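This report refers to the structure that appears directly beneath it.
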Amino acid sequence: MPFSVFLIGPGFIGGELLDHLLEEGYAVTALVRRHYAVAEFTRLGVKAVIGTLDEGRLIRGQVAASDIVFHAATSDHLLSVQSVLEGIRTRAEQELMTYYIHTSGASLLADDAAGRYLDNIVFDDERPSQIDTLRMDAPHRQIDLEIVRSRQALSKFAKIAVLMPPVIYGVSTREKRLSIQLPTLIRYSLKHGYAGQVGGGLSVWGYIHVKDLARGYMTLLHWMEHSSTDEVLENPYFFCENGEELSWGNCAAEIGRLLSIKGRIKDPEPQTVPSENYNDLFGKLTVAVAGSNARNRANRLRKLGWRPLEKNAFTSLAEDEIPLILEEPGELHDYGL
């Protein structure tokens with residue numbers, strides 16, 4: 001009998017992960033917000049459960065009935081994470097093993113550079129002490145700590161890991177969904193007529209294509225399935241990056257170049273986004289999300305055999321994201337973070 005999976009967030013990331021799970025014969029139940037999506041998931045062979053992240057009882061019940069749990073909906077919803085952990089506790093009381101992979105993000109590592117400089121600090125997922133020393137108010141940190149603190153108590157019957165992707169790019173396979181950071185910068189540039197960057201654009205992040213990220217989840221899952229609870233307990237953290245590091249200024253320049261070629265902006269030269277326009281980007285989180293340094297190395301996944309296979313970020317922008325965004329109707333609205 002195949003392992004049962006409960007997938008929270010079968011959207012941009014989770015949708016790509018879902019394809020791999022189905023290909024490998026896992027029995028998948030997905031938490032779905034919209035009734036109209038049920039038919040499509042049913043067609044794929046997925047059991048769809050209607051609900052939201054705020055429905056703790058529903059989530060607890062589904063987790064208690066599942067061998068494997070992925071949370072790919074958001075990195076910042078405490079109630080849903082607490083509900084997952086409560087469901088795992090229920091299973092542990094019955095001496096049932098649970099595998100749980102939670103999606104955090106490299107914003108956790110973000111500094112306050114605001115585009116002013118490149119920081120030489122590079123986080124290594126083989127050195128969990130680096131991550132453990134991050135400040136308590138770092139993005140995602142409170143949620144991650146809720147998980148990390150629960151691992152010890154649950155370790156006999158739970159294998160739990162936190163996956164922290166950097167800038168995710170690419171277009172999802174079925175629904176043609178886009179990610180957040182680069183598409184938002186593209187839409188800002190279209191609205192304001194110039195390629196925008198925070199500060200001098202000197203700060204740097206890593207990158208990962210959504211399809212490579214989905215393969216990273218599967219590599220991590222298979223390692224957890226075949227490792228002892230003690231091995232998994234040693235280190236909760238995994239990065240997933242493709243070796244490509246780009247400054248926000250690099251990104252703005254490429255967005256400007258591509259939109260200029262398309263005749264959508266006149267001058268491809270990047271300009272600094274004034275703070276009064278941050279609501280057209282990520283509001284109060286703009287500096288952290290699009291102006292910080294967040295450098296990291298996915299050494300652990302690579303040692304498990306994972307390798308990035310997809311096109312690089314700028315090729316993807318030119319061939320995939322920008323053509324889709326140029327077809328979008330209507331006016332840009334703020335991202336609403």
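The values are calculated or read from the model by the stated rules, or taken from the named source; none is laboratory data. Because the structure is a prediction, the values reported are computed rather than measured. Neighbour counts run over all protein chains shown; Cβ positions are idealised from the backbone, glycine included. Please note that ligands, DNA and RNA were not included when accessible areas were found on the heavy atoms of the full protein model with its side chains. Shrake-Rupley method; radii C 1.70, N 1.55, O 1.52, S 1.80 Å.
Numbers at a glance
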item	result
Whole-Hz couplings from phi, Karplus 6.51/-1.76/1.60, listed for the range 111-121; x for Gly and Pro	9, 10, 4, 6, x, 7, 7, 8, 8, 7, 6
Residue-averaged 222 nm ellipticity for the chain, from DSSP H runs of 4+ at -39500 (n - 2.57), nearest 500	-11000 deg cm²/dmol
Candidate residues Y26, Y237: accessible-area rank, largest first, probe 1.4 Å	Y26, Y237
Kirkwood Rh in Å, taken over all unlike Cα pairs in the range 135-231	16.7 Å
Area of L44 that stays accessible when all protein chains are in place (1.4 Å probe, Å², to 10)	50 Å²
Surface share of carbon and sulfur [accessible, 1.4 angstrom probe, percent] for the range 90-194	49 percent
Neighbour net charge for W223 - beta-carbon separation under 11 angstrom, K R +1, D E -1	+1
For D119, residues with placed amide H under 5 Å, excluding near neighbours	V204
Surface accessible to a 1.4 Å probe, T133 within the full protein complex, Å²	110 Å²
Distant-in-sequence amide H partners of Y169 (H built 1.01 Å from N, under 5 Å)	I208, H209, V210
Rg ratio (alpha-carbon, reference 2.2 N^0.38 Å) - the range 202-337	1.28
Accessible surface of R257 - all protein chains present, 1.4 Å probe, nearest 10 Å²	110 Å²
Which of D144, D320 is most accessible, then next, and so on - probe 1.4 Å	D320, D144
For the chain, built as a Gaussian network whose Cα springs stay under 10 Å, the top-fluctuating residue of L85, L154, L309	L309
Pairs from K284/K311; K47/K311; K191/K311; K156/K303; K211/K262; K211/K303 whose Cα-Cα separation, in the structure shown, is over 30 Å	K284/K311; K47/K311
Local electrostatic count, E310, Cβ distance below 15 Å [Lys/Arg +1, Asp/Glu -1]	-4
Amide proton proximity set for F3, modelled H, under 5 Å, gap of 5+	A27
Rounded accessible area per residue of the chain, 1.4 Å, Å²	43 Å²
Within-12-Å neighbourhood charge of A27 [Cβ basis; K, R +1; D, E -1]	-1
Separation of the M136 and S260 label points, Cα + 7 Å toward Cβ, nm	4.8 nm
